[in-house]
Each structure stands twice: as structure tokens, then as C-alpha cells.
Amino acid sequence: MYRKVILIIVILTSLQLFQLSFIPEVVIKLSGLIGIALIAALIVLYTIYSREKLFKAYFTAPIIVILVSVLISMFGALAFQGQSFMVTAYAQRAIYFYSFYLLLHFMKIPGEFIIRCIFTFGLIYVGLYLLQYFIYPVKITYAMTFIDRETLRVFVPGLGYLTVAYYIWLYLTLRTFKMKYVIFLLL
């Protein structure tokens, strides 16, 4: 049970709590750092104390290469732009969530639960997007919202979950021919 709660917490922190405007902005910014710290601490704890056999981690090497390249880019930013390590580390905070892939192998969360979480966060995104669209100019998020070329543009964090959910719904629609998945596709 605690593994599922950790998964939900990490997803919410990676989305910066959807940047909802009733949550103080400092809490939203800290949430990302808390999520990264939680991932790092749990990876260390699982590495030290876990004796369970792990799943085959096919993407471990690319994830490690990405994380090492982030570290190397900090030196480049310092040498060529004069940007400090702390500023670069903070600016690249979204990349650190890639390490969650490594933690998922330790936690062994059932795939069905992960898919349900993707569906849920995709639907929450749709709800927030539609709500923000219809009540504009009132803002419910700190996300960018503006009118450009006579089109309202809303950039709420979470589009990635909707995109993944869309392709899963498309697959389920083509596999099962059930109308409920078509309804989700239309959202």
C-alpha cells in the first residue's frame, strides 16, 4: 500500500501539484524538490536494504547516461555562461524525475495500478484544462494561459499523462471495441 502512495506522491510532485492557484507558489516549487529527494532517498534505502530479485531494467543505462549528462552540463554552464551549479541544478530539476524509473524496479508496483494512475491523472488534466478554458480570464492555475491568434492557449502541467492515456485508450478501443474507451478518446 505504501508503494502506491509513494507513486501518487511522486507523480503529483513531478506535476508540481498541477500548479493550482490555491496552493502557495512556494509549496508548488518545493514539491518538485521534495519529490526528487524522496526518489533519491528511497533508491538509496532500497539499494542498501532490499534483498528481493529485481525485474530486468532495460533502460537503466540510458537513464544513467542522461543523469550523467545533466551533471556534465553543469560544468559547461559554469564555464561558458558563468551560471552557478545551484542555478543549473534547479533549472534541470525535471530531468531528475527520470530516476523514478530506477525506483519503480525496486518498488514492484503492479502495472495495472500504474495504468490506472495514468488514466486518473490524464482525466484530472482534462478536467483542469476544460475548467480553465471555460472560466478564463479567472485563473485556477499558475500555468501559462493566454490568447494568441484568437485561440485560448492553456499550458497546465500533465499533458504527458493525457498523451500516454490517449494511446492506451486507443489501443483498448481497437482491441475490445468498447464504447467507453471511445468516449475517453473524444475527451
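Details
- Selection within segment 104-158 - in contact (Cβ under 8 Å) with a residue 12 or more places away in the chain, among the small types (G, A, S) and over 30 Å from L45 (Cα atoms): G122, A143
- Test: residue in segment 160-170 that is within 19 Å of I23 (Cα to Cα), surrounded by 12 or more Cβ atoms within 10 Å (Cβ to Cβ) and in contact with a helix residue (DSSP H, G or I) (Cβ under 9 Å, 6 or more places away or on another chain): no
- Complete set of residues in segment 121-136 that are closer than 30 Å to A61 by Cβ and either part of a loop (DSSP other than H, G, I, E, B) or of a type in the set (F, W, Y) (or both): F121
Residue by residue, here is whether (1) at pLDDT 85 or above; (2) closer than 30 Å to K56 by Cα; (3) assigned to a loop (DSSP other than H, G, I, E, B) holds:
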position: F100; (1), (2), (3): yes, yes, no
position: F106; (1), (2), (3): no, yes, no
position: R116; (1), (2), (3): yes, yes, no
position: F119; (1), (2), (3): yes, yes, no
position: V138; (1), (2), (3): no, no, yes
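- Residue check for A77: of a type in the set (A, V, I, L, M, F, W, C), touching a helix residue (DSSP H, G or I) at 6+ places or on another chain (Cβ under 8 Å), over 29 Å from K139 (Cβ atoms) and at pLDDT below 85: no
- Any hit, segment 79-98, residues being loosely packed, with under 14 Cβ neighbours inside 10 Å, within 23 Å of I124 (Cα to Cα) and outside the structural domain of G127 (by TED's automatic domain parsing): yes
- Tally of residues being surrounded by 13 or more Cβ atoms within 10 Å (Cβ to Cβ), farther than 25 Å from E112 by Cα and among the aliphatic types (A, V, I, L, M) across segment 1-36: 6
- Scanning segment 140-187 for residues that are in a strand (DSSP E or B) and of a type in the set (F, W, Y) gives F146, F155.
- Within segment 1-47, considering residues that are under 21 Å from L102 (Cβ atoms) and aromatic (F, W, Y), the one farthest from the chain's Cα centre (by Cα): Y46
- Residues satisfying the stated conditions in segment 76-105, i.e. among the hydroxyl-bearing types (S, T, Y) and closer than 25 Å to Y2 by Cα: Y96, Y98, S99, Y101
- Some residue of segment 41-62 being surrounded by 15 or more Cβ atoms within 10 Å (Cβ to Cβ), over 20 Å from L12 (Cα atoms), in the same structural domain as I6 (by TED's automatic domain parsing) and of a type in the set (F, W, Y): yes
The values are calculated or read from the model by the stated rules, or taken from the named source; none is laboratory data. Given the structure is predicted, the values throughout are model-derived calculations rather than measurements. A quick note on method: Cβ atoms are made from the backbone with ideal geometry, for glycine too, and the neighbour counts reach across all protein chains shown.
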